[in-house]
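Participant: Questions regarding the structure given below will be posed in turn.
The values are calculated or read from the model by the stated rules, or taken from the named source; none is laboratory data. Note that the structure is predicted; figures quoted are calculated from it, not measured. Cβ placement follows ideal geometry from the backbone for every residue including glycine, while neighbour counts extend to all protein chains displayed. What goes into the accessible areas is simple: the full protein's heavy atoms, side chains included, and nothing from ligands, DNA or RNA. Shrake-Rupley method; radii C 1.70, N 1.55, O 1.52, S 1.80 Å.
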Amino acid sequence: MHGHQPHPVTPGGARYLSDDFFSKKGKRRGNYNCGRCGLPKKGHVCHLPPLSITDSNSAAVTPTDSATSSATPTIPASPPLSAVRPHRRQQRCSKLRRALSFDNIDVHDLPESDDEGGEECLSPDVELDVGSGKLPVNCLWEVLRRLPPSSLLSAAKVCKGWLDVSRRLWKAAEELRLKVPAKTQVGCVGSVLQKCPALVRLSLTMESDMDSTMLACIAFSCPNLESLEIFTCEGSFNRITGDDLGRFVADKRCLKSLKMEGCSNLASVVLCSTTLSTLWLSDLHSLSKMVFNLPNLNEISLDFSCQEKDTTDLTTMMDGLGRSCPKLQNIHIASLKLSHSVVLSLTAANLRCLRMLSLVLGSEITDASVVAISKSYSNLELLDLSGSSISDSGIGMICNVFPETLTRLLVALCPNITSSGIQFATAQLPLLELMDCGMTICDSESDTQHPNNDTNSKISPNSKLHLLYQKLFIKHARLKKLSLWGCSSLDSLYLSCPNLNDLNLNSCKNLNPEKLVLQCPKLESVHAIGCEDVLIEAVQTQVSSDSAPVEDRFSRKRMADGSKRVRIPFSFSQQLLDDEKISWKVRKRRCRVRVVVE
């Protein structure tokens, strides 16, 4: 007796069975049949060879077993599993321009792929169901990319399509600006930052306290961070210490810009980085140690709190800048501890790339300091000595050294400078575009006595009467911004600046409206807060005039012998205008006079 003979099954038939079965139901638990012959697997040894998956372009499958090949005909190969269960692939885009502000993102530059989550990018041509209609993805992208972060989080709850687009907006973001409310948990901020794995620029406005935990959260959530800005609001406190800041800068090897407010708790600063190029620290106080090992630093700004008991040694810090920061171009230091010795240390540092120097609130900086600066740094483009004790002689030295390079000069809060020094500076610096002379032309007695009152006759003989009624004449071809705020001793002002667009006359209480002349056709903004109503009306009258000075509406030409200029007849002039398409209309920009604090 022959044992049980299995029913012959062709390889092609087995392939059809398995593919059709799995394409419809999938391989589920409890299926114990052989995948090649279809018999139960228990105690079964399949005599058929393993199936070879052929290309979909092949026309037939030929069994390799000679015993079965003769008994079964050649059967056309079934399509592969991918053809039985087609996989819908979406179109992909590439080269995304990233920014959370979503101002410059082009929907046609969507990312080519997303490694995280295995999700596929939606094509711009795909339409999403929105209510009763359909909205293309590119239109939805343009709408959502203009939303602030809070609104974008809300939009993600509308539907699955909006959720997918919003996720990709977060993942594509390179810049994020957040306002952290009071009593906000660190985890909440971390969850938002983790939505942006490609973030490189972060700006935080802190209404809650800033501590080392928040700084560590930023370091963990933003591995590619290049720029960090931390601003503190009223009522918030920055608890970051110098050690915390030093570790953060050392660990973030991609960090190029660091700006932080409220640094009163640092105690000491030791920063080491080869990539940091911009450093701004404000509200500093009594630093026991300041070391900046930043070979690629281009700009440094240190603002110290205005407290008399500040024990920071600025001289030692200036000595170290020349050795550890040789590429410095911009220096800004605001401190009451600034003195002539600090300036000498700065000049000894020999910073060859220095172009902008700002030493503010140094009452001990004198004309001798200006001499030291002019000898060491003769290529300055900006010089800010506001709050110093320099006089008109110092202004003269500045004009002699920087006539071909200086474009911005700020000498506000310098009581020893008069109108003569300001006029000399504008006459000798042809490249000057910005000048700040606030609180220079002022006198303590002029703040309490008005020039029109009879009480001026009771001024003591020792007082300088010529300081109370000063005149200022400025004629400059390139000057764009002029600030005369707080110049209470200014009596007359004559400006002839064709390119001037911003003028600050705040608190010029004694300026005579009849002695004010503004010949500035491009003037766009005049600040007149704290001025008399008569002066404000005079300013508005001069800047809001519709007519602009024009030589003549009609053109002129010379006679045949060239001896005399005659006026072209009106009719002929109109014909020239039509032929040459020349417009004689002269339009003047509308100027805005600001009289209230905005």
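Participant: Every residue in the range 506-546 that is touching a residue at least 60 places away in the same chain (Cβ under 8 Å) and among the aliphatic types (A, V, I, L, M), please.
Facilitator: Matches in the range 506-546: Leu523, Val526, Ala528, Ile529.
Participant: Within the range 161-182, which residues are under 18 Å from Phe231 (Cβ atoms) and basic (Lys, Arg)?
Facilitator: Correct list: Arg177, Lys179.
Participant: Sticking with this structure for a sec: Going residue by residue through the range 263-273, is there one that turns out to be closer than 18 Å to Met214 by Cα and open to solvent by less than 30 Å² (accessible area, probe 1.4 Å)?
Facilitator: So far as the range 263-273 goes, yes, one or more of its residues are closer than 18 Å to Met214 by Cα and open to solvent by less than 30 Å² (accessible area, probe 1.4 Å).
Participant: When you scan the range 160-175, how many residues do you find that are surrounded by 14 or more Cβ atoms within 10 Å (Cβ to Cβ) and more than 23 Å from Val200 (Cα to Cα)?
Facilitator: So the answer is 2.
Participant: What are the residues in the range 174-207 that are part of a loop (DSSP other than H, G, I, E, B), among the aliphatic types (A, V, I, L, M) and more than 15 Å from Lys252 (Cα to Cα), if any?
Facilitator: Ala182, the sole residue that qualifies.
Participant: Then there's this: Out of (1) open to solvent by less than 60 Å² (accessible area, probe 1.4 Å); (2) under 17 Å from Val189 (Cβ atoms), what's the single condition that is false for Arg239?
Facilitator: (1)
Participant: Being touching a strand residue (DSSP E or B) at 6+ places or on another chain (Cβ under 9 Å) and surrounded by fewer than 17 Cβ atoms within 10 Å (Cβ to Cβ) is the filter here; which residues of the range 193-206 pass it?
Facilitator: Ser203, Thr205
Participant: I need the full set of residues from the range 208-235 which are closer than 17 Å to Leu176 by Cα and part of a loop (DSSP other than H, G, I, E, B), in order please.
Facilitator: Cys222, Pro223, Asn224, Leu225, Glu226
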